[in-house]
Each structure stands twice: as structure tokens, then as C-alpha cells.
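Read-outs throughout are calculated quantities, based only on the coordinates presented, and are distinct from any laboratory measurement. None of the values given here were measured: they were computed from a predicted structure. Positions of Cβ are backbone-derived with ideal geometry, glycine not excepted, and every protein chain shown enters the neighbour counts.
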Amino acid sequence: MATVILKAGKEKSVLLHHPWIFSGAIREVRGRVDPGDIVKVADKTGNILASGFYNPASPIPVRLFWWGNQPVPPSYFETTFQNALTERALLGSDPQTNAYRVVFSESDFLPGLIVDRYADYLVIQTLNPGMERMKSEIVGMLLSLLHPRGIIERNDSDIRKIEGLPVRKGLLAGKGFPEFIEIRENGLRFLTDPNLGQKTGFYLDQRENRAIIARYAEGKSVLDAFSYTGGFSVHVAKGKAKRITRIDTSQEALDMGARNLLLNHFDDIPDEPIRGNVFQVLRKFRDMGRQFDLSILDPPKLAPTRAHRGRATRGYKDINLLALKLTRPGGILATFSCSGGIDASTFERILSWAAKDAGREVQILHRLTQGPDHPVLLSFPEAVYLKGLLCRVL
Ligand code: SAH
């Protein structure tokens, strides 16, 4: 097994159990190594500190998952997998919800592996060559531990391209790729399309936030901007919203949102689906003098990394300024950022600039984040990506 030797001082983050080693931290690689191999990592004097997957093509060539000088035990993946499942037992036994994240990559000590449960199906992503090589073993473990009807791979993420892996989608186990999978979330029914969206078909990370926002919806006119398949819309409908305006660029997502409202018998609530760019539609609404009691902004990642921060900051400020203007005095704004490159305090600062320009006072009622099926290790705060503020707009 090859050994990656770190530059002096670069062992500190490893000792704190941070799982990433950037290329700039590596002094040399001793021994023959292929992408996807497990390597040992040593400090400059040769003390073995940890082990992880190696990929020279990645800006993060080593992703650690095992600390100490002992070799990775042969049962590591099975045991770690079992632990991740045990941690989700609470969710797994909730009759109201049958869609959640089962494995969340580094946070579950399985770097590059995402496993999402959608009722009887599992959707997985293997996002580095080490995990890619483990794929058939992982499929075998999932089949024997969870007995799904099928396992789907959604390996079309951009991360795969950065890691030098081909993109692909398809069925890994079971018969027939399902066109739709019906799931339950907070007691509500949703049709999900395992082919749709940036993730694995549904934004599972917003489950708890959807339930919180629903509590503010009674009698309200709701703006659901970046509505996708209606995750928030269906919840505010359950919360007795008066009417709903949904905006998305994807007609497919809007249509599925309508089906989801219907599936839950909310077809008596006036629903205004608008296919368009939120940035433009909100401007038009402002010019028309339209007002909403409850506005929701859940844009896609505007800053995937810190390098995109400047442009993303302008984007967030722009839509939040518009949404504040469109929210009636005393109304509610729920605004989100799922950009890894923008942290919670930056996001709050952007909202404060928008509030100042809109001439509005804003009270934060809830600070929101991803659900407990997307846990965050203290040693790896980078796993926090979803930030949300539920505010009263005065
Ligand atoms: N709120 C949703 C998830 C939103 S995902 C939920 O709870 O399920 C982001 C959505 O924004 C996607 O559906 C995508 O089609 C849409 N989108 C991306 N850019 C957009 C833009 N400029 N205007 C409108 N919609 C956009």
C-alpha cells in the first residue's frame, strides 16, 4: 500500500480528524498507486496518521475515513454502513416519512457515497474513484440490509467530472427503471422522478423546514419561488394557504408540482404556476405592485465553491431584495442558500444589505438548516451547506 507523506505542519488537520487533504499539503507519494486505491497518510517523519481514498486527478487527492496507524479493517465498510443505518432508525420508523438520506458521505465516514431512500427504492451516488470501485459491494450490502425493490444510480453529478469519472444514470439492481416513485414526507404524498433535478429526485434536506413554514401559512397568499416539484407548495397547502404562486424554469417540475397538489386533494386552493426565470418574474411582479403574505426563495446552488462567491452574492442580494419588496408588511419571508461557498453569517449579511435597500425591518424567527439525516461532524463543518432564515418582514 502506498503512503502519502505530508508537508511539515499539514498533519494538524488530520490529527483533528478533518477528512480532506488538499494537493498543496502533500510532499510526496511513496509506492505505486492507482486512482481509487486506499493509501496511508504519514507526517513528514513517517508516522502513519490515517488512511483514505486516493485520486491524483482531484483537487482533494486524499479523502480520509480511518484514523490511527492501524490498517483499515476488512469489515470497515460493512460496519460503518450498518452504523449509518442505525442512526436513521428514528426516521425509518416514522410512518409519516419514507424518504430520507441513509448515507451522507464524509459525515457518515463514507466519503463520496450518497444513499437516499425513496420508499421501496434506493438512489445512490458514488462520487470518487475509491467509492466507485466499491459500488458492487455497496449494492450487495444495500440489498441484503434494506431489501429495496430497486437501486438506481444518479451518477450524473458535476463532482464526478471533477474527479475524472464518467457520468451515468441507470438501474443497478431490481427490474424496470421506475418512471415515478411515490413517497411520503410529513404525512404528505409526493411523486418523485428519479431522473429529475440536481440531486437524486427530491430535495430531502428541506423536510423539517417545509413543516416549519407550513405553520405560518394559514389564510396566506404564498409565493413559492424555485418551486421544483412543489415540496413547499404542498406543505403550505396543508397549512391552509389561501392561494399559491409557483415559479420555476422547468415545465416538467411545475407539472409534477400540480400533480403533487392534486395527489393530496389540494386542488381547491387557487394555484398559479409560472414558467420563468425568478429574477425576471419577481421584477415584473414588483412593477405590477403584486404583494404576498408568505414568500419562499429556494434557489439552486449559486456558489458551488468559494470561487463563485462574488457573482452568487449579487444573485442572492437581488432576489432577496425583490422578495422583501413583494412581501406585505407583517408578512413572512423564508429564504435559503444551499451554496457551500456562502456560510451562514455571510448569508445573513447579504439579507441585511437587501433589507436596507428595500427599506424594510426584518426579524429572524427561525435559523434553518439541513435535516438530521444530513448530519455534520464537528471535525468537518464543510458538510453544512443548507442555510435558511425564516423572517417576519416589517
Ligand atoms: N424548493 C424546491 C427545490 C428547489 S431546487 C423543493 O423544495 O423541492 C431549484 C429549482 O430552481 C429547480 O427546480 C430549478 O429548475 C429551478 N431554477 C433554477 N434556476 C432558476 C431560475 N433562474 N428561475 C426559476 N427557476 C429556476
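Within the stretch 170-187, the set of residues being surrounded by 12 or more Cβ atoms within 10 Å (Cβ to Cβ) and in a strand (DSSP E or B) comprises 171, 172, 173, 174, 181, 182, 183, 184, 185. Between 32, 63, 88, the distinction of being loosely packed, with under 14 Cβ neighbours inside 10 Å and among the basic types (Lys, Arg) belongs to 32 only. In this entry, residue 126 is excluded by the filter for residues that are buried (at least 22 other Cβ atoms within 10 Å of the Cβ), within 16 Å of the ligand (Cβ to nearest atom) and among the polar types (S, T, N, Q).
The single residue among 201, 257 that is crowded, with 24+ Cβ neighbours inside 10 Å, touching a residue at least 24 places away in the same chain (Cβ under 8 Å) and over 22 Å from residue 94 (Cβ atoms) turns out to be 257. One residue stands out among those in the stretch 190-235 that are polar (S, T, N, Q) and assigned to a helix (DSSP H, G or I): the one that is farthest from the chain's Cα centre (by Cα), which is 233.
Picking from residues in the stretch 370-379 that are touching a strand residue (DSSP E or B) at 6+ places or on another chain (Cβ under 8 Å) and buried (at least 18 other Cβ atoms within 10 Å of the Cβ), the one that is nearest to residue 295 (Cα to Cα) is 371.
When the stretch 275-285 is filtered for residues that are surrounded by fewer than 21 Cβ atoms within 10 Å (Cβ to Cβ) and either more than 9 Å from the ligand (Cβ to nearest atom) or not β-branched (Val, Ile, Thr) (or both), the ones remaining, listed by number, are 275, 276, 277, 279, 280, 283, 284. Of all residues in the stretch 282-298, those satisfying the criterion of being outside any strand (DSSP E or B) and hydrophobic (A, V, I, L, M, F, W, C) are 282, 285, 288. Considering only the stretch 144-169, state which residues are without any contact (Cβ under 8 Å) to a residue 60 or more places away in the chain, surrounded by fewer than 16 Cβ atoms within 10 Å (Cβ to Cβ) and under 16 Å from residue 81 (Cα atoms). Once the filter is applied, which keeps residues that are without any contact (Cβ under 8 Å) to a residue 60 or more places away in the chain, surrounded by fewer than 16 Cβ atoms within 10 Å (Cβ to Cβ) and under 16 Å from residue 81 (Cα atoms), the stretch 144-169 yields 144, 147.
In this entry, residue 262 passes the filter for residues that are part of a helix (DSSP H, G or I), away from the ligand (no atom under 15 Å from the Cβ) and out of contact with any strand residue (DSSP E or B) (no Cβ under 6 Å at 6 or more places or on another chain).
The set of residues from the stretch 227-250 being surrounded by fewer than 19 Cβ atoms within 10 Å (Cβ to Cβ) and closer than 29 Å to residue 152 by Cβ comprises 238, 249, 250. Taken over the stretch 347-363, the residue count meeting the criterion of being surrounded by fewer than 13 Cβ atoms within 10 Å (Cβ to Cβ) and in a strand (DSSP E or B) is 1.
Summed over the stretch 286-338, residues that are within 15 Å of the ligand (Cβ to nearest atom), among the aromatic types (Phe, Trp, Tyr) and within 16 Å of residue 247 (Cβ to Cβ) total 1.
The criterion of at least 3 residues that are of a type in the set (A, V, I, L, M, F, W, C) and without any contact (Cβ under 8 Å) to a residue 40 or more places away in the chain is met, among strands (runs of 3 or more DSSP E) falling completely within the stretch 1-114, by 38-42.
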